[in-house]
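Trainee: Provided herewith is a single structure, encoded as C-alpha cells, for subsequent inquiry.
Rule-based calculations on the coordinates, nothing more; no lab input. Nothing here was measured: the structure is a model prediction, and the numbers come from that model. FYI the Cβ positions are ideal-geometry reconstructions off the backbone, even for glycines, and counts take in every protein chain you see.
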There are 2 protein chains.
Amino acid sequence: MLLSNLVGQRVKQTPNTAQIKSHILMLRAGYIKQISSGIYTLLSPAKKSVNKIENIIREEMDKIGGQEMLFPVVMPRELWDESGRYSSIGDEMVRFKDRNSHDMVLGMTHEEAAVNVVKNNILSYDQLPVMVYQIQTKFRDEARPRAGLIRVREFTMKDAYSFHITKEDLEQFYYKMYEVYERIFRRIGMKNFVSVESDSGMMGGNVSHEFMLLTPAGEDTIVLCDKCSYRANREVANAVVESYDDNEEKIKLVNTPNKKTIEEVCAFLNKTPKQSCKAVCYAIKGDENKSVVAFIRGDLEVNETKLCKEIQKEVVANDLTDNKSLVAGFIGPYQLNVDKNTILVFDKSLKGLKNVVCGGNKTDYHYTGISFERDLNVQYCDIANVEEGMVCPVCGKGHLYFNRGIEIGNIFQLGTKYTQSMNMKVHSNNGEDIYPIMGCYGIGVGRALASVLEENSDENGLIFPMSITPWHVYLCPLRYQDKVIQKATDKIYNKLTNANIDVILDDREVSPGNKFAESELMGMPIRIVVSSRSLANGEVEVTLRASGEKIMVKTNEVVSMVKNIIKQEMAKLN
Amino acid sequence: MLLSNLVGQRVKQTPNTAQIKSHILMLRAGYIKQISSGIYTLLSPAKKSVNKIENIIREEMDKIGGQEMLFPVVMPRELWDESGRYSSIGDEMVRFKDRNSHDMVLGMTHEEAAVNVVKNNILSYDQLPVMVYQIQTKFRDEARPRAGLIRVREFTMKDAYSFHITKEDLEQFYYKMYEVYERIFRRIGMKNFVSVESDSGMMGGNVSHEFMLLTPAGEDTIVLCDKCSYRANREVANAVVESYDDNEEKIKLVNTPNKKTIEEVCAFLNKTPKQSCKAVCYAIKGDENKSVVAFIRGDLEVNETKLCKEIQKEVVANDLTDNKSLVAGFIGPYQLNVDKNTILVFDKSLKGLKNVVCGGNKTDYHYTGISFERDLNVQYCDIANVEEGMVCPVCGKGHLYFNRGIEIGNIFQLGTKYTQSMNMKVHSNNGEDIYPIMGCYGIGVGRALASVLEENSDENGLIFPMSITPWHVYLCPLRYQDKVIQKATDKIYNKLTNANIDVILDDREVSPGNKFAESELMGMPIRIVVSSRSLANGEVEVTLRASGEKIMVKTNEVVSMVKNIIKQEMAKLN
C-alpha cells in the first residue's frame, strides 16, 4: 500500500471534539470519521486492525466449540415481546415501523435471536452444552456518546450465548469463557486489565463480571480493596458501614425553621450527618405517579443502579411535591403513612442506628432521638454508594479505594430468564422437559481497539501491538524520487510483501521530519528508513516504535530481521 | 466439529414456504432460519461459507488496491439530503427518529458515506484513483421478499466506490473491476453466468452492467441475440420495431360505440393492433395530480422502468379519470390539448407509422388514417418492452430470445452525480478544482451463496464448491460407538484437522442410511466412511459428492488423498 494513496488525512492539531488519548490520536491519524453523534466510519487502517481483532476473537471462540452465526440487525417486535424486553427497554432501543406498518427494532443484544434459533434446533440434553456467537453490528441509542469509539451508538460486537442443562455446567463453561476473555485481551495487546463483579442490568441473571482496562480515561469507577483481591464495579459494590454505639435518647419533635439541608439541620441540632437519616426522592420512570423514597444515613449517597436493581424498576429523580402523603423536604421514616403508590426503601446503613435526626413529616419540624431498632420495624437493603476508605465487604480488614476503568468485555450467567419466557425446552435424561440455563458473553470490537490504543501510545502518537497492527512495517525512503533509493525501497517492499508482511510505503515527496512525525503518529511497530547515507553502507535503519530502539541492518538481512521482530513480539502477546 | 452438537435440524420434508432449490435445500439442511419476512439468521454452516466468500471478495478487492472501510448502517438524514436521495428514494428506505428526534436512515447503499469520508481526505488529483469498499449489513425494505437469501430485506453486501480524475480512468478501472467480478464468481463456484447491460436505477449514472446467473429460478428476464453477443436486462433492452410502408389515408373521426379495448376497436375497424396507437396512463408517484400518458403501438407494452428513466420520475398506474383535459378510454395523440400537469411520451414504435387508429379524445370516437410524420410533431423515445423475436438492436440481423437470471453483482459508472451534489472537489493538475468521477460496484454475499447453491445441487441435496464449503470433509463412521471404529475415526479426524482441513464428524447413533442421506443433503464435497468392513482391509471409503465417485483408500493415505482432492478442486475454480 502506498501512503500517498491512503484515504485519511493526518493532522497535527488536537481536534477540539476529543478529550481522551485514543480518540485524539485516531482522529489525528485519520483512522476514524464521525458521521453523526456516536456513529463513525472506520477508515482502512482502523478496519484492518479491527479485522485482526475479530479474527483473534473468532479463533478463540472456535477453540472452545463456538458456532459462528449471523443474527439479524433488524428484528420484529414479536421476538422482543416474547422476552418482555420490547416494553422493559427504554429509549436506547430504536423502534420503527416497516413499509407494512409492522413494529421492528434494531438489535442492541441478541438473546432473543439466539434462543429463537437454538430452540427448534436443539431438542435433547445430550446435544448440550452449545455455544453460538456472532460478530455483528449493533445499535444502541446512547444518551451521551463520547470518547470516540469507547461509547458509540453503532458498534460491532462479538456476542456469544451458551445453553446448559445444569447450573454446574454453566458455571464450568463460564469460567472457561472467563479465561478465554483474558487470553483474547492479552493477545490483542491489552495490559493493565482486571475483572470485576458487575451489574447484569437489562440482561437479567445473577453472577456477572466485567473486564476493565484500568485507565484514568475510564468512565466506570472500580472499587478495590487494599488488603484482599476484592474488586467490583461501584454500581454493585457492597457498602459496609461502620456502626457506633450510643445510649438511646427519647424521641422529640423539634422546630427547625428554615433549615433545609441535612448539613443545616445537623448543625442546628448539634449532630453530624452520620447521626442523621435523609430521604432521597424518586419517581418510577414512565409511571410518574408512583413514588420511591429511599432512606439512607445522612453522610452517604444513594446508588441509583443498586436502588433500581432492588426495586426492579427504573427511577428518575423527583422532588415528590405532588405526593399528598408526603411533606416534601421534611420526610422521615418515623410515623410516616404513605399511600399505596409510594415505595419506601431503607439502606442498611440505618440498621441499628441510634439517636438519629430525621424529617418530622411536618413543615419545619424534625425528629431527634430515633433509634431504628426500637422505633421502626422495616427491612433493610444495600443501596448506598461505596466511598473510598470504607471497609472491604469481603475481607473486612482492608479499606476500599477507587480506580477508573473502561469496560472491555462482560460475561453473564443469565439463568433461565430467556428460555422460560420464550418457552425453549429440551428433553432431559430423566424424561422431563426442562428449560436450559444460559450464559451470555460480549466484547465490543471497536471499543477494544480504542482501549488498546488508549494504553499503547505516547506523546508522539499511537503504538500498535504487533497482533493488531494495520501494517507491520512503515517503509520510509527519505527521497523516494531518487532512482537509487526507489529501487532499493521497492526491492525491500516486494521482499517483505512476498513474506506476508504488511507494509505501508511512504512514497510522498515531503521532508524527513514530516515522515518521521507521521510514522510515529500512525503507530506501526516497525519503521524502516532507506536513505542514501545508509545505502552507501548497504544498510537501512530499523526503528522499533515502542522502545525507540534503532538498529542498522544490511539490506539483504532486512526480511529475516523483521520476521524475527514480529515473531518475538507475537510471542509476548500469547 | 461434532454433528451431534451442530445447531441446525435436518428435515426430509420440503418446506411449503420455499419454491426454489437453494431455498428448499438450505432450509432442509438447517442452514438458515427466517425471523421475519426477508430477514434470516444464518446458522453456523451458512456463516462459515459466507466467511469464505467474503474472504475471496476481500482478497480480490485488495489485489486491485481496494481500501477496506466500515461505513455505518445508521446514517443521519442530512447526509442523504446532500445527494437528494432522502426524498427521491421511496418506501424501501427505512427512516426513523432517534431519541433526540433526529431523522435517521438505515443504509441501503453507501455512495453518500463514501463521498463523505473521501472528500476531506483526498485533496489532490495525484492521490487518485482510489477505491474504497466495505462488507457490511444493509437493509432494504423490499415490498416482496422471496426465494430465501435471493431477495431479502436485510443482507450483507460488498460495496465498493472508486474515484477518478478522468472518464477514461474510470472506464479503465471499470473494466478491471468487471474482470475481477468474473474472477470472484468463478472462484466461489459460479458457472453459468453472464454480464448484461442494465438500468442504473436509483444509483444514477449511465453505463452499468449486471452479472447474471442464468437459471430458470431467476426473477430477471435477460434478452439475448441469437446471432451476436448482445445481452441486456429486459428493463433496459432496446426495442427495434420493424416498420411497414403504406399509402397515407385521410384522417376520419369515426363512431366506435362500446368498443373499449384495442382489440375490439381494431376488429371493428378492420385493422390489426400493429396499425393502432394506444394510450397507457400513469400518475407520478407521490404527486398523483401529475399525469403521464404514454403512447405506444397497439401490439406493444410499455416498460415502466424505461418510462421512469425517460421522465426521471417514478410512476404508478392510474386511469386518469380525474384529469379534466383527457377523455379516459379514448385518449389519442391527434388534436389533444392537455393541461400543464400532464406529460405526454411517445414510443419510437410510432415514428413514421401511417394510417393509424387512435383515440378520438371524445367518448365513443376514434380517429383513423393518422400518419405520425404528417399529422404530429413530437419527440420519440424508447419505452417499449422488448419481446422475443424482435430484431437485435446491435447486429440488426439476429432475433432476440429470453432467459431467466438472478442478478449476482452489478457495476455502475456513476459520473459526478454524488461528487457534485455533495460538493467534493480535488485540485487538478491545471490548478482548477474538479469533481471526481465515480464508479460503484456491488455483490450481495448471501445472494451469492444462494445462487451458487441454486446451481450446485441435485435431487439429494446441496453440492458445495470446494472454495466455499463449510467443511471439506464429512467424516462418517458407521458405528462410532464401537471402540475400534471410534479410535480409527478420531485418528483420521485429528490428522485431517492438523492438516488444516475442515471436518465435520457424524458422531450420531443413527442408521447408515440416515447418515448417507444427511451427508448428501448437507453437501460437503468429500465424504469419508469408516466401517468395520473397510477397516478390516485397513481402508476407508472416500466419496466425491459432485460426481458420486467412490475410492477405497488406505487409512494412512487418507490425508494426502484429501489434500490432493482439495488442491485439484481449488485449481478448477481459479
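Trainee: Show me, bin by bin at 10 Å from 0, the whole-percent P(r) of segment B:309-394 based on Cα pairs.
Mentor: 14, 41, 37, 8, 0
Trainee: Mind pulling the angle between the C-alpha long axis of helix A:512-522 and the longest principal axis of chain A? Nearest 10 degrees, somewhere in 0 to 90.
Mentor: It works out to around 40 degrees.
Trainee: Based on the Kirkwood radius over alpha-carbon pairs, what is the Stokes-Einstein translational diffusion coefficient of segment B:252-381 at 10 °C with 1.306 mPa s viscosity, in µm²/s?
Mentor: Once the numbers are plugged in, D ends up at 108 µm²/s.
Trainee: Next up: Report D for segment A:531-574 in µm² per second (integer): Stokes-Einstein, Kirkwood Rh on Cα pairs, 37 °C, 0.692 mPa s.
Mentor: The estimated diffusion coefficient comes to 290 µm²/s.
Trainee: Additional query: For A:Lys176 and B:Asn494, FRET efficiency with R0 = 35 Å and r from the beta-carbon atoms, rounded to 0.05?
Mentor: Efficiency at R0 = 35 Å is approximately 0.95.
Trainee: Same structure, new question: With N set to the residue count of segment A:248-322, report its C-alpha Rg divided by 2.2 N^0.38 Å to two decimal places.
Mentor: Dividing the Cα Rg of segment A:248-322 by 2.2 N^0.38 Å gives 1.29.
Trainee: Here is a follow-up. Return the equivalent ellipsoid semi-axes of segment B:471-572 as a descending list in whole Å, where each equals the square root of 5 times an eigenvalue of the C-alpha gyration tensor.
Mentor: With the √(5λ) rule applied to segment B:471-572, the semi-axes are 20, 16, 12 Å.
Trainee: Continuing with this model, one more query. Amide H of B:Val94: which non-local residues (sequence gap of 5 or more, or other chain) have their own amide H closer than 5 Å, using H built in the peptide plane?
Mentor: B:Leu106, B:Asp141
Trainee: Defining the label point at 7 Å along Cα→Cβ, can you sort the distances from B:Ser124 to the same site in each other copy, shortest first, in nm?
Mentor: 7.0
Trainee: A further question follows. From the phi angles alone, apply the Karplus equation (6.51, -1.76, 1.60; θ = phi - 60°) to segment A:302-309 and give each ³J(HN,Hα) in whole Hz, x where the residue is Gly or Pro.
Mentor: Those phi angles translate into 6, 9, 5, 4, 5, 4, 4, 5 Hz.
Trainee: Between B:Lys274 and A:Ser101, what FRET efficiency follows from the Cβ-Cβ distance if R0 is 45 Å, with the result rounded to 0.05?
Mentor: 0.45
Trainee: Next question, about the same structure. Considering only the label points, 7 Å along Cα→Cβ from Cα, what distances in nm to one decimal separate A:Asp103 from the same position in each other copy, shortest first?
Mentor: Inter-copy label distances (nm, one decimal, shortest first): 2.5.
Trainee: Could you give, in nm with one decimal, how far A:Lys191 is from each other copy of that position, shortest first, with labels 7 Å out from Cα toward Cβ?
Mentor: Spacings between copies for this position, smallest first, are 5.7 nm.
Trainee: Could I ask something else about it? Around B:Pro129, with a cut-off of 14 angstrom between Cβ atoms, what is the net charge of the other residues, counting Lys and Arg +1 and Asp and Glu -1?
Mentor: Its environment carries a net charge of -2.
Trainee: Are there GluC sites (Glu not before Pro) in segment B:204-302 that DSSP marks as loop and that have at most 12 other Cβ atoms within 10 Å, and which are they?
Mentor: In loop regions of segment B:204-302 (DSSP not H, G, I, E or B), the sparsely surrounded GluC sites (Glu not before Pro) are B:Glu242.
Trainee: To test your reading of the geometry: what angle, between 0 and 90 degrees and rounded to tens, separates the Cα axis of helix B:167-187 from the longest principal axis of chain B?
Mentor: Result, in degrees: 40.
Trainee: What is the distance in Å between the Cα centres of segment B:536-574 and segment B:120-154?
Mentor: Rounded to whole Å, the Cα centres lie 39 Å apart.
Trainee: How much mean residue ellipticity at 222 nm does chain B get from its helices, if each DSSP H run of length 4 or more adds -39500 (n - 2.57) and you divide by all residues, to the nearest 500 deg cm²/dmol?
Mentor: The helix contribution divided over chain B gives -8000 deg cm²/dmol.
Trainee: Give the order of B:Ser511, A:Ser198 when sorted by the count of other beta carbons within 10 angstrom, beginning with the fewest.
Mentor: Going from least to most buried by this count: B:Ser511, A:Ser198.
Trainee: Tell me which cysteines of chain B come out unpaired when the rule is another cysteine's Cβ under 4.7 Å.
Mentor: So far as the 4.7 Å Cβ criterion goes, B:Cys266, B:Cys281, B:Cys308, B:Cys381, B:Cys440, B:Cys476 stand without a partner in chain B.
Trainee: Could you give the C-alpha radius of gyration of the protein assembly as shown expressed as a fraction of 2.2 N^0.38 Å, taking N as the number of residues it contains?
Mentor: Compared with the compact-globule rule of thumb, the protein assembly as shown sits at 1.12.
Trainee: Distances over 20 Å make up what percent of all Cα-Cα pairs in segment B:228-288?
Mentor: Summing the P(r) of segment B:228-288 above 20 Å gives 55 percent of all pairs.
Trainee: What's the Cα-based Rg to Rh of segment B:103-228, Rh via Kirkwood?
Mentor: So for segment B:103-228, dividing Rg by the Kirkwood Rh gives 0.98.
Trainee: From zero outward in steps of 5 Å, how is the percent of C-alpha pairs of segment A:1-120 spread across the bins?
Mentor: Pairs per bin, as whole percents: 2, 8, 13, 13, 13, 13, 15, 12, 7, 3, 1, 0.
Trainee: Ranking B:Tyr31, A:Tyr480 by Cβ neighbours within 10 Å, fewest first, what do you get?
Mentor: A:Tyr480, B:Tyr31
Trainee: Roughly how crowded by other chains is peptide A:141-153, in terms of the mean Cβ count from those chains within 10 Å of each of its Cβ atoms?
Mentor: Whole-number average of other-chain Cβ neighbours for A:141-153 is 1.
Trainee: Considering the alpha-carbon set of chain A alone, what are its Rg and its Dmax in angstrom?
Mentor: Taking only Cα atoms of chain A, I get Rg and Dmax of 29.4, 98 Å.
Trainee: Would you mind giving the average projected area, over all directions, of the Cα convex hull of segment A:389-509 in nm² with one decimal?
Mentor: With every direction weighted equally, the projected area is 16.9 nm².
Trainee: Something else about it: Output the 0 to 90 degree angle, nearest 10, between the alpha-carbon long axis of helix B:445-455 and the longest principal axis computed from the alpha carbons of chain B.
Mentor: That helix lies at roughly 80 degrees to the long axis.
Trainee: Above 18 Å lies some portion of the pair distances; for segment B:6-55, what is it as a whole percent of all C-alpha pairs?
Mentor: Beyond 18 Å sits 30 percent of the P(r) for segment B:6-55.
Trainee: Please report the residue of chain B with the smallest beta-carbon distance to the B-to-A rotation axis, and give that distance in Å, no decimals.
Mentor: Spelled out, residue of B and its Cβ distance from the axis onto A: B:Phe96, 2.
Trainee: Sticking with this structure for a sec: What's the center-to-center distance, using Cα atoms, between segment A:309-356 and segment B:350-403 in Å?
Mentor: 84 Å
Trainee: In nm, give the distance between the simple-model label positions of A:Glu168 and B:Leu573, each being 7 Å from the Cα along the Cα-to-Cβ direction.
Mentor: 4.5 nm
Trainee: Turning to a different aspect of this structure: Quick check on segment A:335-465: what does the Kirkwood estimate of hydrodynamic radius come out to from the alpha carbon pairs, in Å?
Mentor: When all Cα pairs of segment A:335-465 are included, the Kirkwood radius is 21.5 Å.
Trainee: Could you sort out which of B:Lys97/B:Lys313; A:Lys52/A:Lys554; A:Lys167/A:Lys313; A:Lys119/B:Lys12 sit more than 21 Å apart by Cα distance in this structure?
Mentor: B:Lys97/B:Lys313; A:Lys52/A:Lys554; A:Lys167/A:Lys313
Trainee: To continue, here is another question. For A:Leu326, A:Leu544, A:Leu149, what ranking results if the residue with the fewest other Cβ atoms within 10 Å of its Cβ goes first?
Mentor: In increasing order of surrounding Cβ atoms, one gets A:Leu544, A:Leu326, A:Leu149.
Trainee: Using square roots of five times the C-alpha gyration tensor eigenvalues, list the equivalent-ellipsoid semi-axes of segment A:184-264 in whole Å, biggest first.
Mentor: 41, 16, 15
Trainee: So how far apart, in nm, are the two label points at B:Ile311 and B:Asn16 if each is 7 Å from Cα heading toward Cβ?
Mentor: Label at B:Ile311, label at B:Asn16, 4.3 nm between them.
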